[in-house]
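Single-structure report; data block below.
The values are calculated or read from the model by the stated rules, or taken from the named source; none is laboratory data. Worth saying up front: this structure is predicted, and the values here are computed from it rather than measured. Here Cβ is always computed from backbone atoms with ideal geometry, including for glycine, and neighbour counts include all displayed protein chains. These area figures cover heavy atoms from the full protein model, side chains too; ligands, DNA and RNA do not enter into them. Shrake-Rupley method; radii C 1.70, N 1.55, O 1.52, S 1.80 Å.
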Amino acid sequence: MCRIINPICPLAEGGGVWQALFIRAVLRIVVLTSRSVTLLAWGGKAASFHAPGITRYFPMRPGVYLYRARRFSTKSMNSAERKQARYSRRVESREAKRREKSLRHDDFSRIIDPNNLANAFRKSRLNVSWKESVQRYEARWLLNIKQTVRKLIDGERVSGGFVEFDIHERGKTRHIKSIHISERIIQKALCDEVLVPILSRSLIYDNAASLKDKGVHFALRRLKRHLARFYRTNGNSNKGYVLSLDISKYFDSIRHDILLDKVKRYIHDPLVLKLLRDFISVFGGGISLGLGSQISQICAVFYPSDIDHFVKEKLRIKYYGRYMDDIYLIHESKSYLKHCLCEITKRLEKIALRVNAKKTRITSLGQGLLFLKGRYSLGENGKIVCLPCRASTIRMIRRLRGMKRFMDHGGKITYRDIHDSYKSWRNTFRRRFHAYHRVRKMDGFYNRLFINKR
């Protein structure tokens, strides 16, 4: 063990270079072999060590022998203890960095800063500046921001309700709760200045939804990279399995109390927590987050983050990815994936989530998996084949027929609008999938429906 007895001790006079070198050599042997090494003195240029049978003073560089005395402490440690000690030091280092960054962003003053609110307004008006409500707010935006700061400082409730409507997207009907521009600005300031900088540090890299520089294309690139790496590390073989998992009614099942308990582990400012609680509680019932607000997206990305870490760190699944409620795990053992499914199901039940049994399955990599409206399979030669879902093609056929009828009956749609819509769908298919023949058939259908009859 190393003990500091006296912080300063003058360098002993006498001796020379050879004597100092000899003392250092003897000290190193003593440090390596003795049961206790005591640091008697420590100064900028001199130190004194005491071990059984030897006490010497000598010049030294600051920290050199103190480090050696600690490193070569004679308390024996086996391999498991050394590994645990290294892991503890890494955890402490990560926690220290996380606390340091949290202190910079865990501050309510960042939300009420007029400059941050002005930046949030400029971002919020992108692509929606044509709306009447946005133009009305922009006409008096300085005064509106001043009123927003006053309301936040006074603790007034800033949630003003929703504009609710339904949209039909990719075969699903989604109920949207859109918020007013004044509330959207506060939410963006809250997310960009506090929530995202703090909570994103706890997310794994392959959590791909609703974050900067991530999204659908990022998730698909990671899936292809995981398939390619699995093929190489598995002896250039596609003999493996993939568990594709879907969470049933994900946004409608998120409990507010569990979510806030998770957030409190990282954010401690009471005013920030109160503002976040106000935005979440407007959805009512203590459960569910509505589509249409940025806070809902960030909270939904963060909510099952503990399960992501459990899969990567405890189950040791190297090839894992999640896009909101769509999850995949790649492994060479089918039985182990079944075990992983049971463990994940238990963890999801603890946070009030339920696995969608109809969309959850284990398949071989040659057969492929369904992920983000595409089927991805790994061939025997290592080629990754990306095919679109048949349902998306059927929906486009029905959509073209509907637009054709609407145009023929004098609806407010032109042939140019229909052409742009089909061109966008076609380019997306060609970029994302290996769908040459399907695109050719769709081109023929489009020409027969519009071009040949004009």
Measuring from its Cα centre, region 311-454 shows a charge dipole (+1 at each Lys and Arg Cβ, -1 at each Asp and Glu Cβ) which, in debye to the nearest 20, is 460
Ellipsoid equivalent to region 164-277 - semi-axes via the Cα gyration tensor, in Å: 34, 21, 15
For region 210-296, what is the per residue volume of the convex hull drawn over the alpha-carbon atoms, in cubic angstrom? 146
Cα shape, region 285-430, gyration tensor, a/c 1.5 rule: oblate
Kirkwood hydrodynamic radius (C-alpha pairs) into Stokes-Einstein, region 70-218, 20 °C and 1.002 mPa s, D in µm²/s: 111
Just read off the accessible area of Val91 with the full protein assembly in place, 1.4 Å probe, to the nearest 10 Å². 50
What do you reckon, how do Met77, Met403 stack up by accessible area (1.4 Å probe), largest on top? Met77, Met403
For 252-260, 128-136, ranked highest to lowest by mean beta-carbon neighbours within 10 Å, the order is 252-260, 128-136
With +1 on the Cβ of every Lys and Arg and -1 on the Cβ of every Asp and Glu, and nothing else charged, how large is the dipole of region 224-377 about its Cα centre, in debye rounded to the nearest 20? 680
Can you give the accessible area of Arg174 in Å² (nearest 10), computed on protein heavy atoms with a 1.4 Å probe? 70
Mind giving me the nanometre distance, one decimal, between the label points for Leu211 and Glu132, set 7 Å out from Cα along Cα→Cβ? 4.1
Ratio of alpha-carbon Rg to the 2.2 N^0.38 Å globular estimate for region 213-262, to two decimals, please. 1.72
Projected-area mean, region 341-409, by convex hull of Cα positions, square nanometres: 7.8
Go through Ala208, Ser159, Leu190 and say which Cα lies farthest out towards the positive end of the charge dipole of region 141-238; charges sit on Cβ, +1 for Lys and Arg, -1 for Asp and Glu. Ala208
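Which links in Lys177/Lys412; Lys314/Lys350; Lys146/Lys188 stretch past 21 Å when you go from one Cα to the other?
Those over the limit are Lys177/Lys412.
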Quick tally, 1.4 Å probe accessible area for Trp141, Trp425, sorted with the most first, runs Trp141, Trp425
Want the number for Arg401 to Ile176: 0.36 nm per residue separation, take away the alpha-carbon distance, what's left? 78.4 nm
Rh (Kirkwood; distinct C-alpha pairs) - region 87-151, Å: 14.5
Ignoring ligands and nucleic acids, Glu95 exposes an accessible area, probe 1.4 Å, in Å² to the nearest 10, of 70
Judged on accessible area alone, 1.4 Å probe, highest first, Lys151, Lys97, Lys249 line up as Lys249, Lys97, Lys151
Of Leu400, Ser377, His434, which is farthest on the positive side of the dipole of region 372-454, counting Cα position, with +1 on Lys and Arg Cβ, -1 on Asp and Glu Cβ, and the Cα centre as origin? Leu400
For the table Lys262/Lys373; Lys123/Lys423; Lys97/Lys274; Lys224/Lys318; Lys97/Lys262, the rows whose alpha-carbon distance is greater than 21 Å are Lys262/Lys373; Lys123/Lys423; Lys97/Lys274
